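The values are calculated or read from the model by the stated rules, or taken from the named source; none is laboratory data. Predicted, not measured: the structure shown is a model, and the values here were computed from it. Neighbour counts are summed over all protein chains in view; Cβ atoms, including those assigned to glycine, are modelled from backbone coordinates with ideal geometry.
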Amino acid sequence: MAGKEGHSRQNKLKYIAGFLMLALTSACSEGVVSADMTVLPAEGWPIKRVVQHAFDVQDTTQTYDLELIVRHRQDYPYSNLLLVTQWVTPDGATQTDSLALDVADAQGRWLGTGKGASITTKWLIKENQPLEAGKHVLRIRHVMRQLGALEGLDPLPAVDAVGYTLYNNTDEKEANH
């Protein structure tokens, strides 16, 4: 039993280290307004788990880009990821999008970056968006299922973390990204 607890602790430390690296990288990036990652349970992403991130926008003279980030393991068994996102604005309006995102090419090579067991994939899902001032909420849930099945995968295996980065839409960000 002690070995299993030690393995679990090592996994948690790896996730914390990965999150800190992402946070430091994002903090040093030009144009980053907000960034966050949610670490998911080791057994996978539960079908009913909605990942939620809140962030404040102050500058209404800028436009913004939103990047979705998913970290998965090498043993992720699919070449895509089906998600539903909801963006709730300060006035309560909700925009819902269904996303079909590729994580591997036709030859099965991962599209993201990473070494060892972890792959990080990023997708620009909103571009050049004017935003109103105040608190915005981004909700993300997976809607993956086996071919022909009616029920969703519960849990979705080998997905370790889900997050976002919100950028000012500037020329500097395009040059550095």
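When the residues of region 98-119 are filtered to those that are part of a loop (DSSP other than H, G, I, E, B) and surrounded by 10 or more Cβ atoms within 10 Å (Cβ to Cβ), the one that is farthest from the chain's Cα centre (by Cα) is ASP105. Would you confirm whether or not region 107-119 contains a residue that is within 21 Å of MET37 (Cβ to Cβ), of a type in the set (A, V, I, L, M, F, W, C) and at pLDDT below 95? Yes, that holds for at least one residue.
Can you find a residue in region 120-135 that is in contact with a Pro (Cβ under 8 Å, 6 or more places away or on another chain) and assigned to a strand (DSSP E or B)? Yes, there is a match, as at least one residue in region 120-135 is in contact with a Pro (Cβ under 8 Å, 6 or more places away or on another chain) and assigned to a strand (DSSP E or B). Taking the numbered list (1) surrounded by 15 or more Cβ atoms within 10 Å (Cβ to Cβ); (2) of a type in the set (Gly, Ala, Ser); (3) part of a loop (DSSP other than H, G, I, E, B) in turn, ALA161 passes all entries but (3). Going through (1) within 29 Å of GLU30 (Cβ to Cβ); (2) part of a loop (DSSP other than H, G, I, E, B); (3) under 16 Å from the mean Cα position of the chain (by Cα) one by one, TYR76 falls short only on (1).
Between VAL137, VAL162, which is closer than 19 Å to VAL57 by Cα and of a type in the set (A, V, I, L, M, F, W, C)? Every option except VAL137 fails the conditions.
Scanning region 75-119 for residues that are among the polar types (S, T, N, Q) and touching a residue at least 60 places away in the same chain (Cβ under 8 Å) returns a single hit, SER118. A single entry from PRO77, PRO90, PRO155 fulfils the requirement of being at pLDDT 95 or above and in contact with a Lys or Arg (Cβ under 7 Å, 6 or more places away or on another chain): PRO90.
Filtering LEU83, LEU153 for residues that are surrounded by 15 or more Cβ atoms within 10 Å (Cβ to Cβ) and part of a strand (DSSP E or B) leaves a single hit, LEU83. Look at (1) modelled with pLDDT under 95; (2) under 23 Å from GLN146 (Cα atoms); (3) basic (Lys, Arg) and you find that ARG9 fails only one, number (2).
Of the residues that make up region 40-51, is at least one crowded, with 19+ Cβ neighbours inside 10 Å, in a strand (DSSP E or B) and among the aliphatic types (A, V, I, L, M)? So far as region 40-51 goes, yes, one or more of its residues are crowded, with 19+ Cβ neighbours inside 10 Å, in a strand (DSSP E or B) and among the aliphatic types (A, V, I, L, M).
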